[in-house]
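Chemist: This structure is in C-alpha coordinates; I'll ask about it shortly.
The values are calculated or read from the model by the stated rules, or taken from the named source; none is laboratory data. Since this is a predicted model, take the numbers as computed values, not measurements. Cβ sites come from the backbone with ideal geometry, for glycine too, and all protein chains shown count toward neighbours.
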Amino acid sequence: MSDELLLQNRRTLLAGAAAAGLFAPGLAFAQSGDMAAVRRAAEQGYDASVKRIQDWIALPSIAAENLNMEEGCRYVMDLARDAGFQHVERIPTDGHPGVFATLDVGAKRWMGIYFMYDVKQYDPAEWSSPPLEARIVDKPGFGKVIMGRGAVNQKGPEATFLAALHALRAAGRKPPVNIALVCEGEEEIGSPNFRQIVTRPNVLAALKKCEGVVIPAGWQSPSNGGVSVNLGAKGIAELELVASGAKWGRGPKTDIHSSQKAIVDSPAWRLIQALQTLVTPDGNTPVVDGFFDKVRPLTPREKELLALAARQMSEADAKVALGVDRWIDDLPWDKALERLASQPTINIEGLVSGYTGPGGKTILPGRAVAKIDMRLVPNQTMEDAVAKLRAHLDKRGFSDIEVNVSGGYDPTETDENSRLIRAEIATYEKRGVPVTVYPRLAGSWPGAVFTSPPVSLPAGQFGLGHGSGAHAPDEYYVIESSNPKVEGLVGATMGYVDFLYEIASIR
(Lines give C-alpha, C1' and ligand atoms only; values in the text may rest on other atoms or scores of the structure.)
Protein backbone atom coordinates (compact mmCIF):
# COMPACT_ATOMS: atom_id res chain seq x y z
CA MET A 1 0.00 0.00 0.00
CA SER A 2 1.39 3.43 -0.92
CA ASP A 3 2.06 6.02 1.79
CA GLU A 4 -0.54 8.30 0.19
CA LEU A 5 -3.22 5.57 0.21
CA LEU A 6 -2.29 4.58 3.75
CA LEU A 7 -2.64 8.18 4.82
CA GLN A 8 -6.03 8.55 3.10
CA ASN A 9 -7.31 5.38 4.77
CA ARG A 10 -6.04 6.58 8.10
CA ARG A 11 -7.74 9.94 7.70
CA THR A 12 -11.00 8.17 6.95
CA LEU A 13 -10.64 6.03 10.06
CA LEU A 14 -9.83 9.04 12.20
CA ALA A 15 -12.72 11.05 10.86
CA GLY A 16 -15.04 8.15 11.61
CA ALA A 17 -13.63 7.86 15.09
CA ALA A 18 -14.14 11.57 15.63
CA ALA A 19 -17.75 11.32 14.61
CA ALA A 20 -18.19 8.40 16.97
CA GLY A 21 -16.96 10.53 19.86
CA LEU A 22 -13.55 8.99 20.47
CA PHE A 23 -11.99 12.44 20.39
CA ALA A 24 -14.67 14.16 22.47
CA PRO A 25 -14.42 14.88 26.18
CA GLY A 26 -18.05 14.14 26.80
CA LEU A 27 -20.98 12.26 25.29
CA ALA A 28 -23.09 15.37 24.73
CA PHE A 29 -20.31 17.06 22.77
CA ALA A 30 -19.74 13.97 20.65
CA GLN A 31 -23.44 13.55 19.89
CA SER A 32 -23.73 17.19 18.84
CA GLY A 33 -21.41 16.55 15.92
CA ASP A 34 -19.20 19.45 16.94
CA MET A 35 -15.95 17.50 16.95
CA ALA A 36 -16.58 16.07 13.48
CA ALA A 37 -17.28 19.60 12.23
CA VAL A 38 -14.09 20.92 13.79
CA ARG A 39 -12.09 18.12 12.21
CA ARG A 40 -13.55 18.90 8.79
CA ALA A 41 -12.50 22.51 9.32
CA ALA A 42 -9.00 21.39 10.29
CA GLU A 43 -8.73 19.28 7.15
CA GLN A 44 -10.01 22.12 4.99
CA GLY A 45 -7.50 24.46 6.63
CA TYR A 46 -4.57 22.08 6.16
CA ASP A 47 -2.88 24.05 3.37
CA ALA A 48 -3.18 27.30 5.29
CA SER A 49 -1.80 25.60 8.39
CA VAL A 50 1.21 24.29 6.47
CA LYS A 51 1.88 27.72 4.97
CA ARG A 52 1.63 29.30 8.43
CA ILE A 53 4.50 27.10 9.62
CA GLN A 54 6.56 27.67 6.48
CA ASP A 55 6.16 31.45 6.58
CA TRP A 56 7.12 31.56 10.24
CA ILE A 57 10.26 29.47 9.64
CA ALA A 58 11.23 31.88 6.85
CA LEU A 59 11.58 34.62 9.49
CA PRO A 60 14.32 33.51 11.89
CA SER A 61 14.57 35.46 15.13
CA ILE A 62 17.88 34.61 16.78
CA ALA A 63 18.34 36.27 20.15
CA ALA A 64 22.02 35.37 20.38
CA GLU A 65 22.67 37.33 17.19
CA ASN A 66 20.06 40.06 17.78
CA LEU A 67 18.55 39.06 14.45
CA ASN A 68 14.96 39.97 13.53
CA MET A 69 13.81 40.29 17.13
CA GLU A 70 11.35 43.13 16.65
CA GLU A 71 10.17 41.53 13.43
CA GLY A 72 9.66 38.22 15.22
CA CYS A 73 7.69 39.90 17.97
CA ARG A 74 5.40 41.67 15.48
CA TYR A 75 4.94 38.40 13.60
CA VAL A 76 3.68 36.61 16.72
CA MET A 77 1.33 39.50 17.41
CA ASP A 78 -0.09 39.14 13.90
CA LEU A 79 -0.43 35.37 14.34
CA ALA A 80 -2.34 35.88 17.58
CA ARG A 81 -4.73 38.42 16.08
CA ASP A 82 -5.30 36.18 13.09
CA ALA A 83 -6.16 33.28 15.43
CA GLY A 84 -8.84 35.34 17.19
CA PHE A 85 -7.11 36.84 20.23
CA GLN A 86 -8.91 40.09 21.04
CA HIS A 87 -6.17 41.68 23.15
CA VAL A 88 -2.60 41.55 21.83
CA GLU A 89 0.25 43.64 23.16
CA ARG A 90 4.00 43.94 22.91
CA ILE A 91 5.70 43.59 26.28
CA PRO A 92 9.05 45.41 26.54
CA THR A 93 11.85 43.95 28.67
CA ASP A 94 15.44 44.84 29.44
CA GLY A 95 16.27 42.62 26.49
CA HIS A 96 14.11 41.51 23.59
CA PRO A 97 10.34 42.05 23.71
CA GLY A 98 7.63 39.52 24.47
CA VAL A 99 3.96 39.22 23.56
CA PHE A 100 0.88 38.89 25.74
CA ALA A 101 -2.53 38.07 24.29
CA THR A 102 -5.92 36.99 25.60
CA LEU A 103 -8.82 35.19 23.96
CA ASP A 104 -11.82 35.68 26.25
CA VAL A 105 -14.92 33.76 25.15
CA GLY A 106 -16.70 34.02 28.47
CA ALA A 107 -15.83 30.46 29.49
CA LYS A 108 -15.62 29.40 33.13
CA ARG A 109 -11.96 28.39 32.97
CA TRP A 110 -8.75 29.85 31.61
CA MET A 111 -5.75 28.04 30.12
CA GLY A 112 -2.24 29.47 29.79
CA ILE A 113 -0.16 28.84 26.67
CA TYR A 114 3.56 29.59 26.39
CA PHE A 115 5.22 30.38 23.06
CA MET A 116 8.79 31.26 22.12
CA TYR A 117 9.53 33.00 18.82
CA ASP A 118 13.32 32.72 18.82
CA VAL A 119 15.32 29.87 17.32
CA LYS A 120 18.86 28.56 17.50
CA GLN A 121 21.62 29.54 15.10
CA TYR A 122 22.26 27.41 12.03
CA ASP A 123 24.92 26.69 9.42
CA PRO A 124 23.28 26.19 6.00
CA ALA A 125 26.25 24.12 4.85
CA GLU A 126 25.27 21.39 7.33
CA TRP A 127 21.70 21.05 6.02
CA SER A 128 20.40 18.82 3.23
CA SER A 129 17.55 21.31 2.72
CA PRO A 130 17.93 25.10 3.12
CA PRO A 131 17.05 25.88 6.75
CA LEU A 132 14.87 28.90 5.98
CA GLU A 133 13.01 27.56 2.95
CA ALA A 134 10.86 25.19 5.03
CA ARG A 135 10.59 22.73 2.16
CA ILE A 136 8.21 19.80 2.31
CA VAL A 137 10.42 16.72 2.21
CA ASP A 138 9.59 13.01 2.02
CA LYS A 139 11.27 11.42 5.04
CA PRO A 140 11.32 7.60 4.93
CA GLY A 141 9.45 6.06 7.83
CA PHE A 142 7.78 9.35 8.74
CA GLY A 143 5.99 10.75 5.68
CA LYS A 144 5.93 14.36 4.54
CA VAL A 145 7.80 16.73 6.83
CA ILE A 146 8.59 20.42 6.91
CA MET A 147 12.34 20.80 7.23
CA GLY A 148 13.76 24.03 8.59
CA ARG A 149 15.16 25.82 11.61
CA GLY A 150 12.42 26.03 14.22
CA ALA A 151 10.28 23.33 12.60
CA VAL A 152 9.85 21.36 15.83
CA ASN A 153 11.45 23.78 18.28
CA GLN A 154 8.95 25.34 18.51
CA LYS A 155 7.22 26.90 15.52
CA GLY A 156 5.61 23.73 14.15
CA PRO A 157 3.86 22.73 17.39
CA GLU A 158 2.98 26.34 18.22
CA ALA A 159 1.46 26.93 14.79
CA THR A 160 -0.44 23.66 15.18
CA PHE A 161 -2.00 24.98 18.38
CA LEU A 162 -3.03 28.10 16.45
CA ALA A 163 -4.47 25.81 13.77
CA ALA A 164 -6.75 24.36 16.46
CA LEU A 165 -8.14 27.83 17.18
CA HIS A 166 -8.61 28.46 13.46
CA ALA A 167 -10.44 25.15 13.07
CA LEU A 168 -12.79 25.92 15.96
CA ARG A 169 -13.65 29.31 14.53
CA ALA A 170 -14.07 27.97 10.99
CA ALA A 171 -16.50 25.36 12.37
CA GLY A 172 -18.49 28.12 14.08
CA ARG A 173 -17.48 27.03 17.60
CA LYS A 174 -15.85 28.95 20.39
CA PRO A 175 -12.95 27.52 22.38
CA PRO A 176 -14.24 25.84 25.54
CA VAL A 177 -11.81 27.82 27.70
CA ASN A 178 -10.42 31.33 27.68
CA ILE A 179 -6.75 31.51 26.71
CA ALA A 180 -3.89 33.62 28.02
CA LEU A 181 -0.88 33.52 25.68
CA VAL A 182 2.59 34.59 26.85
CA CYS A 183 5.48 34.61 24.41
CA GLU A 184 9.16 35.51 24.64
CA GLY A 185 12.03 35.88 22.22
CA GLU A 186 14.89 34.86 24.49
CA GLU A 187 14.30 31.19 25.33
CA GLU A 188 17.32 30.05 23.36
CA ILE A 189 19.59 32.30 25.43
CA GLY A 190 18.18 31.18 28.78
CA SER A 191 15.14 33.49 29.14
CA PRO A 192 17.05 36.18 31.09
CA ASN A 193 14.12 38.62 31.04
CA PHE A 194 11.05 36.39 30.84
CA ARG A 195 10.10 36.98 34.46
CA GLN A 196 9.61 40.65 33.59
CA ILE A 197 6.92 39.64 31.10
CA VAL A 198 5.11 37.22 33.39
CA THR A 199 5.09 39.52 36.43
CA ARG A 200 3.70 42.52 34.55
CA PRO A 201 0.46 43.25 36.49
CA ASN A 202 -2.05 42.54 33.70
CA VAL A 203 -0.18 39.41 32.56
CA LEU A 204 0.13 38.07 36.09
CA ALA A 205 -3.56 38.74 36.76
CA ALA A 206 -4.56 36.74 33.69
CA LEU A 207 -2.23 33.86 34.47
CA LYS A 208 -3.45 33.62 38.05
CA LYS A 209 -6.88 32.67 36.65
CA CYS A 210 -5.46 29.79 34.58
CA GLU A 211 -5.60 26.07 35.32
CA GLY A 212 -1.97 25.83 34.27
CA VAL A 213 0.42 26.59 31.42
CA VAL A 214 1.65 24.35 28.61
CA ILE A 215 4.14 24.72 25.81
CA PRO A 216 3.00 22.96 22.61
CA ALA A 217 5.12 19.94 21.70
CA GLY A 218 5.41 17.20 19.07
CA TRP A 219 7.20 14.29 20.66
CA GLN A 220 5.31 11.13 19.76
CA SER A 221 7.55 8.07 19.61
CA PRO A 222 7.92 6.68 16.08
CA SER A 223 7.93 3.11 17.43
CA ASN A 224 4.61 3.10 19.29
CA GLY A 225 3.20 6.63 19.10
CA GLY A 226 3.73 7.01 22.84
CA VAL A 227 4.23 10.27 24.70
CA SER A 228 5.71 11.30 28.02
CA VAL A 229 3.85 13.48 30.47
CA ASN A 230 6.62 15.24 32.36
CA LEU A 231 6.09 16.29 35.97
CA GLY A 232 8.92 18.77 35.78
CA ALA A 233 12.06 19.82 33.96
CA LYS A 234 15.65 20.47 34.84
CA GLY A 235 16.78 24.04 35.27
CA ILE A 236 19.71 25.52 33.41
CA ALA A 237 22.46 28.09 33.77
CA GLU A 238 24.20 29.17 30.57
CA LEU A 239 27.51 30.98 30.80
CA GLU A 240 30.96 31.57 29.39
CA LEU A 241 34.26 30.92 31.12
CA VAL A 242 36.91 33.22 29.68
CA ALA A 243 40.66 33.08 30.20
CA SER A 244 42.68 35.97 28.82
CA GLY A 245 46.18 37.34 29.11
CA ALA A 246 44.72 40.76 29.79
CA LYS A 247 42.71 39.59 32.82
CA TRP A 248 45.26 37.02 34.06
CA GLY A 249 48.25 39.32 33.96
CA ARG A 250 50.25 36.52 32.36
CA GLY A 251 50.34 35.38 28.76
CA PRO A 252 49.76 37.64 25.76
CA LYS A 253 47.06 40.32 25.65
CA THR A 254 46.57 39.52 21.95
CA ASP A 255 47.55 36.60 19.74
CA ILE A 256 51.31 36.27 19.25
CA HIS A 257 53.61 33.92 17.33
CA SER A 258 53.63 30.42 18.77
CA SER A 259 57.41 30.31 18.86
CA GLN A 260 57.14 32.46 21.98
CA LYS A 261 55.45 29.65 23.93
CA ALA A 262 58.84 28.70 25.35
CA ILE A 263 58.79 31.89 27.46
CA VAL A 264 55.12 33.04 27.49
CA ASP A 265 52.15 31.57 29.41
CA SER A 266 49.08 30.31 27.52
CA PRO A 267 45.52 31.48 28.43
CA ALA A 268 44.16 28.50 26.47
CA TRP A 269 46.01 25.98 28.65
CA ARG A 270 44.93 27.91 31.74
CA LEU A 271 41.28 27.59 30.74
CA ILE A 272 41.74 23.85 30.21
CA GLN A 273 43.28 23.52 33.67
CA ALA A 274 40.33 25.39 35.19
CA LEU A 275 37.83 23.22 33.35
CA GLN A 276 39.47 20.05 34.62
CA THR A 277 38.70 21.06 38.21
CA LEU A 278 34.94 21.20 37.58
CA VAL A 279 34.25 17.51 36.93
CA THR A 280 35.59 14.02 37.57
CA PRO A 281 38.36 12.86 35.18
CA ASP A 282 35.78 11.17 32.90
CA GLY A 283 33.88 14.45 32.66
CA ASN A 284 30.64 12.89 33.88
CA THR A 285 30.10 14.12 37.45
CA PRO A 286 30.41 17.70 38.74
CA VAL A 287 32.88 18.19 41.60
CA VAL A 288 32.32 21.92 42.14
CA ASP A 289 32.44 22.53 45.89
CA GLY A 290 28.97 22.12 47.41
CA PHE A 291 27.30 21.50 44.03
CA PHE A 292 25.30 18.54 45.35
CA ASP A 293 24.51 20.01 48.77
CA LYS A 294 20.92 20.94 47.91
CA VAL A 295 20.18 18.20 45.38
CA ARG A 296 16.97 16.40 46.32
CA PRO A 297 17.21 12.62 45.85
CA LEU A 298 14.55 10.86 43.82
CA THR A 299 11.42 10.13 45.81
CA PRO A 300 10.01 6.60 46.00
CA ARG A 301 7.22 7.65 43.60
CA GLU A 302 9.73 9.09 41.13
CA LYS A 303 11.72 5.85 41.22
CA GLU A 304 8.50 3.92 40.63
CA LEU A 305 7.65 6.10 37.62
CA LEU A 306 11.14 5.69 36.20
CA ALA A 307 10.97 1.92 36.56
CA LEU A 308 7.67 1.96 34.66
CA ALA A 309 9.19 4.25 32.04
CA ALA A 310 12.09 1.88 31.51
CA ARG A 311 9.60 -0.85 30.60
CA GLN A 312 7.43 1.40 28.42
CA MET A 313 10.09 3.40 26.56
CA SER A 314 12.34 1.90 23.91
CA GLU A 315 16.02 1.99 24.75
CA ALA A 316 16.86 1.12 21.15
CA ASP A 317 14.82 4.07 19.84
CA ALA A 318 16.53 6.40 22.32
CA LYS A 319 19.98 5.30 21.19
CA VAL A 320 19.08 5.69 17.53
CA ALA A 321 17.63 9.16 18.13
CA LEU A 322 20.77 10.27 19.98
CA GLY A 323 23.22 8.49 17.72
CA VAL A 324 24.90 6.67 20.61
CA ASP A 325 25.70 3.03 21.31
CA ARG A 326 26.32 3.07 25.06
CA TRP A 327 25.34 5.02 28.17
CA ILE A 328 27.73 6.44 30.76
CA ASP A 329 29.42 3.62 32.73
CA ASP A 330 27.57 1.13 30.48
CA LEU A 331 24.49 1.63 32.66
CA PRO A 332 21.43 -0.53 32.02
CA TRP A 333 18.38 1.31 30.68
CA ASP A 334 16.56 1.67 34.00
CA LYS A 335 19.63 3.08 35.76
CA ALA A 336 20.37 5.36 32.81
CA LEU A 337 16.88 6.85 33.12
CA GLU A 338 17.37 7.33 36.86
CA ARG A 339 20.62 9.17 36.23
CA LEU A 340 19.04 11.26 33.47
CA ALA A 341 16.29 12.45 35.79
CA SER A 342 18.31 12.92 38.95
CA GLN A 343 21.80 14.01 37.94
CA PRO A 344 22.86 17.68 37.66
CA THR A 345 25.49 18.23 34.98
CA ILE A 346 28.22 20.60 33.86
CA ASN A 347 28.57 20.43 30.08
CA ILE A 348 30.96 22.04 27.61
CA GLU A 349 28.89 23.34 24.71
CA GLY A 350 31.90 24.64 22.85
CA LEU A 351 35.58 25.59 23.17
CA VAL A 352 36.99 28.47 21.16
CA SER A 353 40.52 29.80 21.08
CA GLY A 354 42.89 30.97 18.42
CA TYR A 355 42.78 29.71 14.86
CA THR A 356 40.43 26.88 13.80
CA GLY A 357 40.45 27.24 10.01
CA PRO A 358 42.09 25.02 7.39
CA GLY A 359 45.76 24.23 7.76
CA GLY A 360 47.83 25.60 10.60
CA LYS A 361 48.45 29.09 11.92
CA THR A 362 51.30 29.28 14.39
CA ILE A 363 49.88 31.55 17.07
CA LEU A 364 49.69 31.60 20.84
CA PRO A 365 46.13 32.85 21.50
CA GLY A 366 45.62 35.64 23.98
CA ARG A 367 42.11 34.51 24.87
CA ALA A 368 40.15 31.27 25.27
CA VAL A 369 36.41 30.78 25.85
CA ALA A 370 34.37 27.79 27.02
CA LYS A 371 30.60 27.85 26.51
CA ILE A 372 29.10 26.02 29.50
CA ASP A 373 25.64 24.87 30.53
CA MET A 374 24.78 23.51 33.95
CA ARG A 375 21.59 21.43 34.20
CA LEU A 376 19.96 21.67 37.61
CA VAL A 377 17.59 19.45 39.57
CA PRO A 378 15.38 20.13 42.61
CA ASN A 379 16.30 21.81 45.02
CA GLN A 380 19.12 23.58 43.19
CA THR A 381 18.77 27.14 41.95
CA MET A 382 20.52 28.89 39.12
CA GLU A 383 21.79 31.66 41.40
CA ASP A 384 23.30 29.25 43.91
CA ALA A 385 24.90 27.06 41.22
CA VAL A 386 26.63 30.03 39.59
CA ALA A 387 27.81 31.34 42.95
CA LYS A 388 29.31 27.95 43.81
CA LEU A 389 31.07 27.76 40.45
CA ARG A 390 32.60 31.20 41.02
CA ALA A 391 33.71 30.31 44.56
CA HIS A 392 35.16 26.99 43.37
CA LEU A 393 37.35 28.69 40.75
CA ASP A 394 38.46 31.43 43.15
CA LYS A 395 39.47 28.89 45.82
CA ARG A 396 41.76 27.15 43.31
CA GLY A 397 43.50 30.30 42.16
CA PHE A 398 41.44 30.93 39.05
CA SER A 399 39.94 34.27 40.10
CA ASP A 400 41.03 35.73 36.77
CA ILE A 401 38.72 33.36 34.85
CA GLU A 402 35.66 35.39 33.92
CA VAL A 403 32.21 33.88 34.53
CA ASN A 404 29.78 35.61 32.17
CA VAL A 405 26.21 34.39 32.68
CA SER A 406 23.92 34.78 29.67
CA GLY A 407 20.70 33.29 31.07
CA GLY A 408 18.97 30.43 32.80
CA TYR A 409 16.27 29.44 35.26
CA ASP A 410 15.48 27.03 38.08
CA PRO A 411 14.05 23.49 37.80
CA THR A 412 10.28 22.97 37.69
CA GLU A 413 7.98 20.55 39.49
CA THR A 414 4.25 19.98 38.91
CA ASP A 415 1.83 17.93 41.00
CA GLU A 416 0.89 14.64 39.39
CA ASN A 417 -2.69 15.15 40.66
CA SER A 418 -3.15 18.65 39.24
CA ARG A 419 -5.95 19.22 36.73
CA LEU A 420 -3.34 20.02 34.10
CA ILE A 421 -1.54 16.68 34.34
CA ARG A 422 -4.77 14.70 34.67
CA ALA A 423 -6.21 16.47 31.60
CA GLU A 424 -3.10 15.70 29.57
CA ILE A 425 -3.22 12.02 30.50
CA ALA A 426 -6.97 11.78 29.87
CA THR A 427 -6.63 13.38 26.44
CA TYR A 428 -3.88 11.02 25.38
CA GLU A 429 -5.68 7.96 26.73
CA LYS A 430 -8.90 8.83 24.87
CA ARG A 431 -6.83 8.91 21.69
CA GLY A 432 -5.38 5.48 22.47
CA VAL A 433 -1.91 6.98 22.84
CA PRO A 434 0.48 5.12 25.20
CA VAL A 435 1.38 7.43 28.08
CA THR A 436 4.49 7.41 30.24
CA VAL A 437 4.37 9.65 33.31
CA TYR A 438 7.95 10.84 33.69
CA PRO A 439 9.36 12.60 36.75
CA ARG A 440 11.55 15.14 35.02
CA LEU A 441 12.37 16.26 31.52
CA ALA A 442 16.15 16.24 31.08
CA GLY A 443 15.88 19.33 28.91
CA SER A 444 14.97 22.76 30.18
CA TRP A 445 12.37 25.43 29.55
CA PRO A 446 11.44 28.51 31.60
CA GLY A 447 8.52 26.76 33.29
CA ALA A 448 9.94 27.75 36.68
CA VAL A 449 8.64 31.24 36.00
CA PHE A 450 5.14 29.69 36.06
CA THR A 451 5.56 27.09 38.80
CA SER A 452 7.26 29.42 41.31
CA PRO A 453 5.73 32.42 43.10
CA PRO A 454 4.05 34.71 42.33
CA VAL A 455 2.40 32.69 39.52
CA SER A 456 2.51 29.26 41.24
CA LEU A 457 0.76 27.24 38.53
CA PRO A 458 1.15 23.70 37.18
CA ALA A 459 3.17 23.78 33.96
CA GLY A 460 4.30 21.28 31.37
CA GLN A 461 4.25 20.22 27.73
CA PHE A 462 1.42 18.86 25.61
CA GLY A 463 1.03 17.80 22.02
CA LEU A 464 0.67 15.02 19.49
CA GLY A 465 2.62 14.65 16.29
CA HIS A 466 6.34 14.22 15.83
CA GLY A 467 9.45 16.14 14.97
CA SER A 468 13.13 16.04 15.76
CA GLY A 469 16.48 17.72 15.16
CA ALA A 470 16.07 20.66 17.54
CA HIS A 471 19.26 22.74 17.56
CA ALA A 472 20.68 20.45 14.85
CA PRO A 473 20.82 20.31 11.05
CA ASP A 474 17.78 18.99 9.15
CA GLU A 475 15.30 19.80 11.93
CA TYR A 476 11.86 18.62 10.86
CA TYR A 477 8.17 18.42 11.79
CA VAL A 478 5.79 15.80 10.41
CA ILE A 479 2.75 17.17 8.57
CA GLU A 480 1.51 14.02 6.78
CA SER A 481 2.39 10.89 8.69
CA SER A 482 3.02 7.59 6.97
CA ASN A 483 3.30 5.97 10.40
CA PRO A 484 -0.18 4.96 11.63
CA LYS A 485 0.93 5.39 15.25
CA VAL A 486 2.00 9.02 14.84
CA GLU A 487 -0.30 11.94 14.09
CA GLY A 488 0.23 14.32 11.22
CA LEU A 489 -0.70 17.98 11.26
CA VAL A 490 -4.47 17.50 11.26
CA GLY A 491 -4.41 14.85 13.99
CA ALA A 492 -2.11 16.99 16.12
CA THR A 493 -4.43 19.95 15.59
CA MET A 494 -7.36 17.91 16.86
CA GLY A 495 -5.30 16.84 19.85
CA TYR A 496 -5.15 20.46 21.00
CA VAL A 497 -8.88 20.86 20.47
CA ASP A 498 -9.54 17.78 22.56
CA PHE A 499 -7.13 18.96 25.27
CA LEU A 500 -8.91 22.31 25.60
CA TYR A 501 -12.24 20.54 26.06
CA GLU A 502 -10.68 18.23 28.61
CA ILE A 503 -9.36 21.22 30.58
CA ALA A 504 -12.84 22.75 30.45
CA SER A 505 -14.57 19.68 31.82
CA ILE A 506 -12.17 17.84 34.13
CA ARG A 507 -12.99 17.95 37.84
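Chemist: Pick out the one residue from 497, 403, 486, 433 that is closer than 28 Å to residue 192 by Cβ and either touching a residue at least 40 places away in the same chain (Cβ under 8 Å) or assigned to a loop (DSSP other than H, G, I, E, B) (or both). Break it down stepwise before answering.
Modeler: Numbers: 497 fails: closer than 28 Å to residue 192 by Cβ; 486 fails: closer than 28 Å to residue 192 by Cβ; 433 fails: closer than 28 Å to residue 192 by Cβ.
Sole residue among the options that is closer than 28 Å to residue 192 by Cβ and either touching a residue at least 40 places away in the same chain (Cβ under 8 Å) or assigned to a loop (DSSP other than H, G, I, E, B) (or both): 403.
Chemist: Another one. Could you tell me which residue of the stretch 88-134 is surrounded by the most Cβ atoms within 10 Å (Cβ to Cβ), considering only residues that are aromatic (Phe, Trp, Tyr) and under 30 Å from residue 406 (Cβ atoms)?
Modeler: By that ranking, first place goes to 117.
Chemist: Inspect the stretch 184-205 for any residue being in a strand (DSSP E or B) and either among the polar types (S, T, N, Q) or farther than 22 Å from residue 492 by Cβ (or both) and give the result as yes or no.
Modeler: yes
Chemist: Something else now. Part of a loop (DSSP other than H, G, I, E, B), touching a helix residue (DSSP H, G or I) at 6+ places or on another chain (Cβ under 7 Å) and at pLDDT 95 or above - does that describe any residue in the stretch 235-242? Write out each step before concluding.
Modeler: Residues of the stretch 235-242 part of a loop (DSSP other than H, G, I, E, B): none.
Checked against the condition, which is being part of a loop (DSSP other than H, G, I, E, B), touching a helix residue (DSSP H, G or I) at 6+ places or on another chain (Cβ under 7 Å) and at pLDDT 95 or above, the stretch 235-242 yields no hits at all.
Chemist: Only one of (1) closer than 20 Å to residue 199 by Cβ; (2) β-branched (Val, Ile, Thr); (3) part of a strand (DSSP E or B) is not met by residue 146, so which one is it?
Modeler: Failed condition: (1).
Chemist: So, one more: Name every residue in the stretch 352-388 that is out of contact with any strand residue (DSSP E or B) (no Cβ under 8 Å at 6 or more places or on another chain) and either more than 14 Å from residue 407 (Cβ to Cβ) or assigned to a loop (DSSP other than H, G, I, E, B) (or both), in order of residue number.
Modeler: Across the stretch 352-388, the qualifying residues are 356, 357, 358, 359, 360, 361, 379, 384, 387, 388.
Chemist: Please work out which residue is surrounded by the most Cβ atoms within 10 Å (Cβ to Cβ), limiting yourself to the stretch 249-304 and to residues that are outside any loop (DSSP other than H, G, I, E, B) and acidic (Asp, Glu).
Modeler: Per the criteria, the residue is 302.
Chemist: Kindly establish whether residue 81 is under 21 Å from residue 173 (Cβ atoms), modelled with pLDDT of 95 or more, crowded, with 19+ Cβ neighbours inside 10 Å and basic (Lys, Arg).
Modeler: No.
Chemist: Also, quick follow-up: Scan the stretch 173-210 for residues that are out of contact with any Ser or Thr (no Cβ under 8 Å at 6 or more places or on another chain), touching a residue at least 12 places away in the same chain (Cβ under 8 Å) and farther than 25 Å from residue 62 by Cβ and report the count.
Modeler: 11
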